[in-house]
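Heads up: the structure comes next, in structure tokens.
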Amino acid sequence: MTFSNNLIKTLVIVLIPLINLILPNKLRAEELKIELKDGTKIIGTLIKERSDSLNIVIDNPNLGFIEIPVDSLIENETNKTIISQFKETEDLVEPLPVEPILDEKPSTAFSSRWQNSIRGGFNSSSSGSRESIGYSLSTNTQYRGIFNEYSLSTSYAYNESSSSFSKAVGNNSGNIDFEKDRTLNNKLFIYNTIHYRFNESAFAGKHRTQTSMGLGYYLFKKDRFSLKTLLGPAAIFHTGGEFCSDTQYCGDLIPGWDVENLLKWKINERFDINISDVYSLASMNNLTGSNYLRTTLNFRPYLDKDLTMSLFFENSHYEFTSSEPRNNVRFQIGKRF
């Protein structure tokens, strides 16, 4: 009997960890590993009270509450087991309203992660000695994922300028701005930016490209208001222009530093404002820092439509240009989709 009892105890000790591996995740510890169709893997605790057959909510130690659409999950046993819990009870129990936990809201659902807009209108610009008027076109695309955020904006403007010393001359200019943020925790992230500027009238540095990579931090991060700062090393490259070959550092890759601040404020359902400032300091001698400030005030005249009216202000100054900062004011009408 003693041998039999020892044998049974030994089998129990050996089988317990094996059973733990075989049992479905919902019967084990509360921590789950969710895998999405795009390859993203999320680890956290399932919040059943805030989940249903369309969306499940995971509490991640670093990111907080994450809302995941069921149709974005891959088809495996773990995900099927989780989804089946809500499908079985959906028709039997009416869900009760649940108050938000610690006033935190889940991440944006998959269907609304994309935000796009296109706008067009007329613009005017001025400096100390010159004035111009013309037309402009701009686009913006944003994607907010669970761990990554992307932003791509473009702008094009045609200006016809004149001064007391010369006749009217047409000029094409434009910008392309790209930003990617990789979330580390609720406020800290790694960023990568690329800023490209084209100015047909520039005598040196007609094309300017700046790329930077560093750390970003949210000073404020609320639903309606956010302010983040980016800081990191930068590489700056100028090329093109009639006198580029005769201008020192034009055509060279210049090391420098990048400091960016971005503010977003949704004032109410009709008004929102975005302010972005990009300051870069080149390490080479005799090169002043550049600054690119943009402010956009958006107005939605009809809440049931995606029509927008925007007032855009830009103040910019770059290397190899005159000491006078350039101011642009644009009025645009566009559509969000």
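A short reminder: the numbers here are calculations on the coordinates, not readings from a lab. Predicted, not measured: the structure shown is a model, and the values here were computed from it. Here Cβ is always computed from backbone atoms with ideal geometry, including for glycine, and neighbour counts include all displayed protein chains.
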Summed side-chain charge close to HIS207 - residues other than HIS207 whose Cβ falls under 14 Å, Lys, Arg +1, Asp, Glu -1: -1
Going from the fewest other Cβ atoms within 10 Å to the most, one would list ARG326, ARG113, ARG119 as ARG113, ARG326, ARG119
Quote the relative contact order of segment 240-286 in percent (integer), defining contacts as alpha-carbon pairs under 8 Å separated by 6+ residues. 36
Under 9 Å, Cβ to Cβ, from TYR196 - net charge with Lys/Arg +1 and Asp/Glu -1: +1
Let me check I've understood the local charge: for PHE312, count other residues with C-beta under 9 angstrom from its C-beta, Lys and Arg +1, Asp and Glu -1. What total comes out? +2
Going by C-beta contacts inside 10 Å, put ASP304, ASP52 in order with the fewest on the left. ASP304, ASP52
For a quick check: sort HIS238, HIS317 by the number of other beta carbons within 10 angstrom, fewest at the front. HIS317, HIS238
